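What follows draws every value from the coordinates through simple rules; no lab data is involved. Worth saying up front: this structure is predicted, and the values here are computed from it rather than measured. Every residue, glycine among them, receives a Cβ derived from its backbone with ideal geometry; neighbour counts consider all protein chains shown.
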Amino acid sequence: MIEAQNLTKVFGATLAVDGVSFQVQPGEIYGFLGPNGAGKTTTIRLLTGTLFPTSGQVRILNMNMVSQEIQIKQEIGVVPDEPRLYENLKGSEYIDFVTDIYRLRKQEILPEIKELCEAFAIDFLDKAIGEYSHGMKQKLMLLSVLMRKPKALFLDEPTVGLDARSARILKMLLEKYAAGGAPIFMTTHIMEIAEKMCHRIAIINKGKLVAEGTMEELRKASGEQNATLEDIFLQVTGTGENIEELVKEL
């Protein structure tokens, strides 16, 4: 349902994504982790067609991103790490804009909009987006994506800025969508979320995929049967060295 084959992206002299390959199956929540600057967001942008790879292929929902880009974008939902919204519009006007872009019938999706607004406590659609906090913008972005019921979801740090209740509801909704067969690709810096939610986890470091598997498989590869995802992450990325000494010196 989501497939990357030898995905590579070069920016000038920087190799941002280096020959990354993976597959996400129907109904699977696939966690994509890595340190800052490892290539996570670039990979999501390659998968969703806002960047084109230097080499390699992307297939989404059994369609090729090169030849069927528009069809793919009609079927997927993307929640970026930084909501980029038209700040002069009201929230309701932005929802109408998205409805028109995707050629949806407002009356048909109105019940879904109302339910999502109630779930995420969205009571600010009559205000200009420029007045929104980061969390309010994140909720509006989630509303504009989830109301369409996309066939595949891509989320980059989706819980950042959300209050605890909204974050819990989002996690439960993602599990519900996955149970219905939708593939979900998500990045997060919160290891507990990835460990509890994701069926499989991949770890990228300096553009390369350095680990992939279920928690059981990752623990087996690490040689520590009781290791947490944080332990494994620090081990495979080489970012866990000398932490205690560094903290003592601070």
* Structure fact -> Selection from the range 7-34 of residues more than 24 Å from Phe233 (Cβ to Cβ) and part of a strand (DSSP E or B) yields Val10, Phe11
* Structure fact -> Scanning the range 74-84 for residues that are free of Cβ contacts under 8 Å to residues at least 60 places away in the same chain and either of a type in the set (Val, Ile, Thr) or crowded, with 17+ Cβ neighbours inside 10 Å (or both) gives Pro83
* Structure fact -> Going through the range 1-49 in order, the residues found to be surrounded by fewer than 18 Cβ atoms within 10 Å (Cβ to Cβ) and without any contact (Cβ under 8 Å) to a residue 24 or more places away in the chain are Phe11, Gly12, Ala13, Thr14, Gln23, Asn36, Gly37
* To do: Output the helices (runs of 4 or more DSSP H) that fall wholly within the range 139-250 and possess 3 or more residues being within 17 Å of the chain's Cα centre (by Cα) and at negative phi, or say none.
  => 164-179, 191-197
* Asked: Does Glu108 satisfy the condition of being under 29 Å from Phe233 (Cα atoms), acidic (Asp, Glu) and either out of contact with any helix residue (DSSP H, G or I) (no Cβ under 6 Å at 6 or more places or on another chain) or not in a loop (DSSP other than H, G, I, E, B) (or both)?
  -> no
* Could you list all residues from the range 142-161 that are among the hydrophobic types (A, V, I, L, M, F, W, C) and out of contact with any Phe, Trp or Tyr (no Cβ under 9 Å at 6 or more places or on another chain)? => Val145, Met147, Val160
* Structure fact -> Considering residues that are crowded, with 20+ Cβ neighbours inside 10 Å and over 21 Å from the mean Cα position of the chain (by Cα), the number found within the range 105-138 is 1
* Could you grab the pairs with beta carbons closer than 8 Å, sequence gap of 6+ or different chains, first residue in the range 210-225 and closer than 20 Å to Glu28 by Cα, second one small (Gly, Ala, Ser) and assigned to a helix (DSSP H, G or I)? => Ala211/Ala221; Gly213/Ala221
